[in-house]
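The values are calculated or read from the model by the stated rules, or taken from the named source; none is laboratory data. In this text the structure is predicted, and so the values were computed from the model without any measurement. Please note: Cβ atoms are built from the backbone with ideal geometry, for glycine as well, and neighbour counts cover all protein chains shown.
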Amino acid sequence: MNVRRHNHNNGHSNGTGVLKSVFEQETPADNRYVLSEESFRRTISIERKRTERSRKPFLLMLLDMGREFPTQNDQKILKEIALMLVANTRETDVVGWYRKNAEIGVMFTELSIEDRKAVLSTMLNRISANLAEHLTLEQFNQISISFHMFPEEWDCETEQRPSNPTLYPDLETRDDARRFARTVKRMMDVIGSVLALLIFSPLFLAIAAAIKLTSKGPIFYRQQRVGQYGQPFEFLKFRSMVTGNDASSHREYVRKLIAGTADRKPSEGDAQGVYKLTNDPRITPLGTFLRRSSLDELPQFLNVLRGDMSLVGPRPPISYEVEAYALWHRRRLLEAKPGITGLWQVNGRNRVEFDEMVRLDLIYAKNWSPWMDMKILLRTPRAVVQGAY
């Protein structure tokens, strides 16, 4: 079913004005619908992408009975609430089932509001008052209301990040085939990482000894990276730099790279140059070899075994990289678990611009399969030998 959407200018300078237009406007319900669960979840995805372009936030309100298995009476109440909401929201807003017969959702769209806290507080009060007029006290007390604003305030330094995928229901694994594919992917990760750790164990010992003999400092470099849904984790590499180095030059270059203003840096064997810092004085002579051969990445098989990463997926960024992301760049952290290698790496890592790298990550996230993962894994050694890394 389709909902008629018009670009009415209903924005106001404060939360009270917005809610007045939402609840006091007479909107005929004849030509509007309560969307099915599938349609509503798909509409949330579309609205996220619309917000990425327009920068106008939307608010998702969810109402449920607080029970995993709602009774028939619960379902009847929610259906009545859904019809009431359709009749009392603007045509730019969307009402639908977030979970069929269990949880109703409303998307309040086209909100040009700066003060989110004021909007949430005002909206909660007015919605509660409106529901109280239509429900008995017992029915009203059963209803649980939650609000979710998009885009979210995402600050990796203070660990303010999406705590759950509420705004991303379209990314859930819902069909049996997809769930089976994810199970196979995890099995591949566990088996592959265990085999790699066993096979490369002599190399681990040799590299560890070489690092200790050639420079002062720990064998492993531990760094906090940002995983799926913004979840931080400890990322492992063999140390390739001197200890106590200043990361400001890398931070500045990465910000330019993400903004699309970075210059290619000269690189041996690549006349066009690459999008990365080269001739970095922080890197040790052994570290140069480890990076060129990608041997510094071997400890990440431990990250895969722990479940922080996958064998195949987008590379996990540093928090200051995420701070520089455009809104649409965040999708690479939402739609797939980070990996050791990926579509971007085997298609010329460091030779493509950042936006193109993100597009490749999103193409992978949309089309991945165990077979696709296998093909990327088989292409990775050749990419390493050819210097794609």
* To do: Go over the candidates Trp371, Trp344 one by one and state the one that is buried (at least 21 other Cβ atoms within 10 Å of the Cβ) and not in a strand (DSSP E or B).
  => Trp344
* Just for the stretch 245-298: of the residues that are in contact with a strand residue (DSSP E or B) (Cβ under 7 Å, 6 or more places away or on another chain) and hydroxyl-bearing (Ser, Thr, Tyr), which one is modelled with the lowest pLDDT? -> Ser267
* To do: Pull up the stretch 38-89, narrow it to residues that are touching a residue at least 40 places away in the same chain (Cβ under 8 Å) and of a type in the set (Asp, Glu), then point me to the one that is farthest from Thr166 (Cα to Cα).
  => Glu80
* Asked: What are the residues in the stretch 302-323 that are among the small types (Gly, Ala, Ser) and either modelled with pLDDT of 90 or more or not assigned by TED's automatic domain parsing to the domain that holds Arg222 (or both), if any?
  -> Gly307, Ser310, Gly313
* To do: Taking Val226 as the residue in question, decide whether it is in the same structural domain as Ala336 (by TED's automatic domain parsing) and more than 15 Å from the chain's Cα centre (by Cα).
  => no
* **Filter result for the condition that a residue is modelled with pLDDT under 90 and either outside any helix (DSSP H, G or I) or surrounded by 14 or more Cβ atoms within 10 Å (Cβ to Cβ) (or both), over Arg382, Arg351** => Arg351
* Asked: Which one of these is surrounded by fewer than 16 Cβ atoms within 10 Å (Cβ to Cβ) and either outside the structural domain of Pro381 (by TED's automatic domain parsing) or modelled with pLDDT of 95 or more (or both): Arg182, Arg186?
  -> Arg186
* To do: Sort through Arg90, Arg42 and tell me the only one that's modelled with pLDDT of 85 or more, in the same structural domain as Arg126 (by TED's automatic domain parsing) and surrounded by 13 or more Cβ atoms within 10 Å (Cβ to Cβ).
  => Arg42
